[in-house]
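The values are calculated or read from the model by the stated rules, or taken from the named source; none is laboratory data. Everything numeric in this text was worked out from a predicted model, so none of it was measured. Virtual Cβ from ideal backbone geometry, glycine too; neighbours counted across all protein chains shown.
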Amino acid sequence: MSAITVSPRNTTRLALLLAASIVAALVYVLVETSDQSAAAYGGADGKLGGEFTLNGIDGEVSLSDFRGKIVVMYFGFLNCQEVCLNSMTVLQTSLLRLPAEQLDQVRVLLVSIDPERDSNEDLAEFTRRFHENIIGLRGSQREIDAVTADYGAHYEITDADRNDPGYLFRHSSRYYVINQAGELVDAMRHSTTPNELITRIRSLM
């Protein structure tokens, strides 16, 4: 029986495919399954969601400022170059597809989980690149911890990671949909498409 030979080019191609598959699997595990048990989260009444006040470029911003509007909230950070950018593109596409009369009823809040590096000015510049209805918010680390806990979001970083100036957070990636009364009604997965997000938003109108 003759031996099967594999050319160096095919070997390289197989190695690249294997590496890509491993990276894709890691991203899936990180983004899709990193949410912790909801039992460890929520307010004093055990429910997810609730009022909060953080800081934007023009001062304090509270969830109650948007009563009568639909709010989509996302937790991320500016140095997140893949997952967060993909999510921001989904949010941007969703807003751009809404007609003017519906668009006026929707606001998007990008809450930074990295207030140590993300300034209000940088958040405002970043969000403006995507859509004027997207507002960047930050607070103290304690305030961010409280809001993420209330909404069942999760992020973490190890002490070893912090020693790297370019450190990244491991974090859940969801679109938190809040109705006109300020109540959390959905936490849509990272894999949500613009059409799915638009459908959910319109279901509240």
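Only one entry of Glu156, Glu101, Glu121, Glu125 meets the criterion of being surrounded by fewer than 18 Cβ atoms within 10 Å (Cβ to Cβ) and either of a type in the set (A, V, I, L, M) or modelled with pLDDT under 95 (or both), and that entry is Glu156.
Taking every residue in the stretch 103-126 that is within 13 Å of Asn55 (Cα to Cα) and pairing it with any residue that is of a type in the set (Asp, Glu), at least 6 positions away or on another chain, the pairs with Cβ-Cβ distances below 6 Å are Ser112/Asp118. Residue check: is Gly50 over 13 Å from the mean Cα position of the chain (by Cα) and surrounded by fewer than 18 Cβ atoms within 10 Å (Cβ to Cβ)? In short, no. With respect to the stated conditions, Ser94 is among the polar types (S, T, N, Q) and under 21 Å from Val177 (Cα atoms). Tyr74 satisfies every condition listed in (1) assigned to a strand (DSSP E or B); (2) in contact (Cβ under 8 Å) with a residue 40 or more places away in the chain; (3) farther than 24 Å from Ser203 by Cα except (3).
Counting only residues that are in a helix (DSSP H, G or I) and surrounded by fewer than 17 Cβ atoms within 10 Å (Cβ to Cβ), the stretch 128-147 holds 5 of them.
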